[in-house]
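Inspection log for the structure reproduced underneath, given as structure tokens.
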Amino acid sequence: MLNNYRTIQKNGVHELEIKKSRFITNMARIQTESEAKAFLDQIKKEHYKATHHCSAYMIGPKDDIQRANDDGEPSGTAGLPMLESLKLMKLQNVIAVTTRYFGGIKLGTGGLIRAYSNSVSEAAHAIGIVRGTLQRLLQFHLAYHQVDFVLNYFKDSQYDLEDTQYGADVAVSTYIDTGDLEKVKADLIELLSGQVAFTVGPERYREVLVTAES
């Protein structure tokens, strides 16, 4: 599994108007080529009167599958600029479909490249970009006199306690980035003078919205 990835926050749509042409970019999170093709077919049906439906997508942990399609625009002016835009933003497992309604004014090669590239980048930022980080569940038990030490430790960290249950002792659960897991365990062992035992549970991804500059 990937330790980190970047993708769009959710499926969404964004529209630009350039010299009377409408550029409507729909984006979706995908895992397979069949999902990508189904999404493209869906957009084509929704905008069946449009002039072009240009597309680009990347799939796989190492962007193993990369596709771009100009759909009738001059070769290299639509699909590839869209794909390059996805690459520049380092987005994974995502498809962009830019539907164009021609407004009667030709944009030229350079104008088309800029239009399709900007349509994708502006759509992604309008929808929102997230960074996903792989985490592991960390569980441990505390004596009551240890609780304040642990609460203060996590207050000063980037992590929150997911669950705290009070009984004969105090059962604590939290999710930690896999890259930080051993350090956090070592910190807690030192903080609690070795009087702690851990159970490491399932993995999950935590997604955080990032800025355009991140």
If you go through segment 97-105 one residue at a time, do you hit one that is of a type outside the set (D, E, K, R), free of Cβ contacts under 8 Å to residues at least 12 places away in the same chain and surrounded by fewer than 19 Cβ atoms within 10 Å (Cβ to Cβ)?
no
Test residue 68 against the criterion of being under 22 Å from the mean Cα position of the chain (by Cα), assigned to a helix (DSSP H, G or I) and either assigned by TED's automatic domain parsing to the domain that holds residue 120 or surrounded by 15 or more Cβ atoms within 10 Å (Cβ to Cβ) (or both), and give yes or no.
no
Apart from one, (1) within 30 Å of residue 65 (Cα to Cα); (2) in the same structural domain as residue 18 (by TED's automatic domain parsing); (3) surrounded by fewer than 13 Cβ atoms within 10 Å (Cβ to Cβ) all hold for residue 179; the odd one out is (2)
So, first residue outside the structural domain of residue 95 (by TED's automatic domain parsing) in segment 11-34, second residue among the charged types (D, E, K, R) and surrounded by 17 or more Cβ atoms within 10 Å (Cβ to Cβ), Cβ within less than 7 Å, six or more apart or across chains; the pairs are none
Is at least one residue of segment 193-204 in contact with a Pro (Cβ under 8 Å, 6 or more places away or on another chain), farther than 30 Å from residue 56 by Cβ and at pLDDT 95 or above?
no
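Residue-by-condition table, conditions (1) at pLDDT below 95; (2) in the same structural domain as residue 41 (by TED's automatic domain parsing); (3) out of contact with any helix residue (DSSP H, G or I) (no Cβ under 8 Å at 6 or more places or on another chain):
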site: 77; (1), (2), (3): no, yes, no
site: 89; (1), (2), (3): no, yes, no
site: 92; (1), (2), (3): no, yes, yes
site: 98; (1), (2), (3): no, yes, no
site: 101; (1), (2), (3): no, yes, yes
site: 106; (1), (2), (3): yes, yes, yes
site: 111; (1), (2), (3): no, yes, yes
site: 115; (1), (2), (3): no, yes, yes
site: 122; (1), (2), (3): no, yes, yes
Pairs needed: first member in segment 142-154, closer than 12 Å to residue 164 by Cα; second member anywhere, assigned to a helix (DSSP H, G or I); C-beta distance under 9 Å; at least 6 residues apart or different chains.
142/149; 142/150; 150/188; 150/191
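Determine if segment 114-137 includes at least one residue that is on the phi > 0 side of the Ramachandran plot and either without any contact (Cβ under 8 Å) to a residue 40 or more places away in the chain or in contact with a strand residue (DSSP E or B) (Cβ under 6 Å, 6 or more places away or on another chain) (or both).
yes
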Complete set of residues in segment 94-118 that are under 28 Å from residue 10 (Cα atoms) and in a helix (DSSP H, G or I)
112, 113, 114, 115, 116, 117, 118
Can you work out which of the residues in segment 1-28 that are outside any strand (DSSP E or B) and in contact with a Lys or Arg (Cβ under 8 Å, 6 or more places away or on another chain) is nearest to residue 112 (Cα to Cα)?
11
Exactly one of 121, 173 is of a type in the set (Ser, Thr, Tyr) and assigned to a helix (DSSP H, G or I), and that one is 121
Count of residues meeting criterion [in contact with a strand residue (DSSP E or B) (Cβ under 7 Å, 6 or more places away or on another chain), of a type outside the set (Asp, Glu) and modelled with pLDDT of 95 or more] in segment 33-71:
20
Residue under question is residue 154, and the condition is that it be of a type in the set (Phe, Trp, Tyr), in contact with a Lys or Arg (Cβ under 8 Å, 6 or more places away or on another chain), surrounded by 13 or more Cβ atoms within 10 Å (Cβ to Cβ) and not assigned by TED's automatic domain parsing to the domain that holds residue 85; does it hold?
no
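The values are calculated or read from the model by the stated rules, or taken from the named source; none is laboratory data. Just so it is clear, the structure is predicted and the values come from calculations on it, not from any experiment. When we count neighbours, we look across all protein chains shown, and the Cβ atoms used for this are built from the backbone with ideal geometry, even at glycine.
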